[in-house]
Amino acid sequence: MSKNPILTPENVKTKQMRKFRDRWQAVAEIEAEEQKSASIALRWQQLNVIYRMAKGLGLSIEESNVDDESVSQRWAKLKGSLK
């Protein structure tokens, strides 16, 4: 005789959370594979999109060497503009 588990909100939520996590882990694996097999042309295109987005957000794009502090400041500015 097999036991039927009692369905409780906690059990349902736990199962849903696991399924949700598993689906997104599968998506992450597929994206990682796609990124590994991406051509140079596609990567260049993606880099250009990032560059244009940064420029569109008003982030200064400099040709000179960038130190860690300025990178952190840019990320903070970008993060703040998305909120």
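Computed over the chain with a Gaussian network model linking Cα atoms closer than 10 Å, the most mobile of LYS15, LYS55, LYS36 is LYS15. Potential lengthening of the chain between ALA26 and ALA76 amounts to 15.0 nm, from the contour at 0.36 nm per residue minus the alpha-carbon distance. Remark on ALA38: its backbone amide H falls under 5 Å from none of the residues 5 or more positions apart or on other chains, H modelled at 1.01 Å from N. The lysine pair tally for the chain, using Cα distances under 30 Å and a gap of 8 or more places or different chains, is 13. Relative to the longest principal axis of the Cα atoms of the chain, the long axis of helix 40-56 makes an angle of roughly 70 degrees. Relative intensity of the chain on a log10 scale, I(q)/I(0) at q = 0.19 Å⁻¹, equals -1.02, per a Debye sum over C-alpha point scatterers of equal strength in the absence of solvent. Taking the Cα atoms only, what angle lies between the long axis of helix 9-36 and the longest principal axis of the chain, rounded to 10 degrees? Roughly 40 degrees between the two axes.
Sort out the exposed loop GluC sites (Glu not before Pro) in the chain (DSSP loop, at most 13 other Cβ within 10 Å) and tell me the longest stretch that has none. Longest stretch, sites excluded: 1-61.
Each reported figure results from applying straightforward, stated rules to the coordinates on display, with no laboratory input. Please read all numbers here as calculations on a predicted model, not as lab measurements. Ideal geometry is used to build each Cβ from the backbone, glycine not excepted, and the neighbour counts take in all protein chains shown.
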